[in-house]
1. Output needed for the stretch 1-121: three equivalent-ellipsoid semi-axes, defined as square roots of 5 times the C-alpha gyration tensor eigenvalues, in descending order, whole Å.
2. Per residue, how much accessible area does the stretch 1-137 show when a 1.4 Å probe rolls over the protein heavy atoms, in square angstrom?
3. Please find, in a Gaussian network model of the chain (springs between Cα atoms separated by less than 10 Å), the residue of T32, T89, T279 whose mean-square fluctuation is greatest.
4. Rounding to the nearest 10 and keeping the result within 0 to 90°, find how far the Cα-based axis of helix 86-96 lies from the longest principal axis of the chain.
5. Write out the trypsin sites (Lys or Arg not before Pro) in the stretch 21-106 meeting two conditions: DSSP loop, and at most 14 other Cβ atoms within 10 Å of their Cβ.
6. Using just the helices of the chain, give the 222 nm mean residue ellipticity in deg cm²/dmol: DSSP H runs with n ≥ 4 each add -39,500 (n - 2.57), and the total is spread over all residues, rounded to 500.
7. Could you work out how much longer the chain between A96 and E41 gets when fully extended? Use 0.36 nm per residue separation minus the Cα distance between them, nm to one decimal.
8. Looking at the chain, which longest stretch skips every one of the GluC sites (Glu not before Pro) that is in a DSSP loop with at most 16 other Cβ atoms within 10 Å, leaving the sites themselves out?
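The values are calculated or read from the model by the stated rules, or taken from the named source; none is laboratory data. Please read these numbers as outputs of a predicted model, since none were measured by experiment. Ideal geometry is used to build each Cβ from the backbone, glycine not excepted, and the neighbour counts take in all protein chains shown. In case anyone asks, the SASA skips ligands and DNA or RNA and just uses the protein heavy atoms, side chains included. Shrake-Rupley method; radii C 1.70, N 1.55, O 1.52, S 1.80 Å.
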Amino acid sequence: DLLAQCLRSVEATGETRQELNVQTCVVDNASTDGSAGMVREHFPWVRLIANTENLGFARANNQALRQVAVRYIALLNSDTEVHTGALETLVAFMDAHPEAGACGPLLLNADGTLQPSCHPVLTPGREFWRLLFLERLWPRATYRQHRWDGETPREVEVIKGACLVLRREALDQVGLLDEQYFMYSEEMDLCHRLKQAGWQLYWVPQAKVTHYGEASSRQRAEAMYIELYRSKTQFHRKFGGPAQAERFKRLLWLLYLPRLAFAAVAGQRSPSMRQRAQTYRQLLAELKGM
C-alpha cells in the first residue's frame, strides 16, 4: 500500500508538469507481499526489476542506476509520498547550482512534524557522544534542524537516502553505491565520497516529502539493528582503516555492555526490555566478526 501511494505521488508529478520528464524504476528485492504483481497490474508505466533474492539496498539501487541515462536521479524509498512540486523544486535547484552533487528535501513524519533529513558524517567521537545521550545537551551527531530557516537551503554533509537527488555527472565521477553495505550507511558513504571529490550537498526545505519511516526494516527489527552497526563499522574501516574500525568496535562494547546488564534486569518484568536485551546480546556476540 505504501509503495502504491508513493508511485501515485510520482505519477502526479509527471501529469502536472509535462516539461519534467520522469522515468520511474522499482526494484523489488524478493518481497512476499505481492508488491511486484501490484506494480505490473496498476502501474504499467513503471520499469520493474523483480529480484528472486534480497540483494540488499545498495545492490538493488545500483541495478536501476545502471539502466537510466538522465541528468538527475532521485533515490526514493517506497514508504515516501512526494508532495506537489517537490521533484520540480529539487531539479530546479540542481540546475541553478552546478556545484551541487546532490540535494535532498525537507522530510516530514506521517503527522506532519519535522523528520531529520540530513546529518553530519559519522565519527567515533560523534557516536560516543550520541550513545551517552549527550546529544540532548549539545548536538554533535545531528543538526538542529528545528531551528533552521525553512525557506533557505543549507549545505550539509550527509543527506538521508529516503529521498536523495543525485547529479549524474557527479555519480559517474565517484561511482555508484558501495555494494559492501547490505543496508544502512550506503548513502553516507556516497555523500562522503561526493564531498571528498569537491561536490557540495544541500538540504532544500522548499521541497517536501513525507517519509513514513522504516516500514521495511521494522519487519526484521533485531536483524536490522545488527546490520546498522555492521554498516557503521564498515564505514570506519573504509575511510579510517582497520585500526579505526577496531576502536569503534571497542567503543560499542564499552557502551553496550552496561546497557545489556540494565535491559536484562528490567527484562524480568518487561517483555519489551527482554527483547532489547536479546538484541544487545546478539550485537555484542557479532561485534568481533564485523
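1. Details: eigenvalues 111, 59, 56 Å².
Semi-axes, largest first: 24, 17, 17 Å.
2. Values: 7070 Å² over 137 residues.
Per-residue accessible area for the stretch 1-137 comes out at 52 Å².
3. Judging by the Gaussian network model, the answer is T32.
4. 80
5. Numbers: sites: R40, R47, R59, R66, R71; in loops: R66, R71.
Filter output for the stretch 21-106: R66, R71.
6. Numbers: 10 runs with 130 residues, N = 290.
Helix-only estimate at 222 nm: -14000 deg cm²/dmol.
7. On the way: separation 55, 0.36 × 55 = 19.80 nm, distance 3.81 nm.
Difference between extended and current length: 16.0 nm.
8. On the way: sites that count: E19, E53, E99, E151, E157, E179, E214.
Longest run free of exposed loop sites: 215-290.
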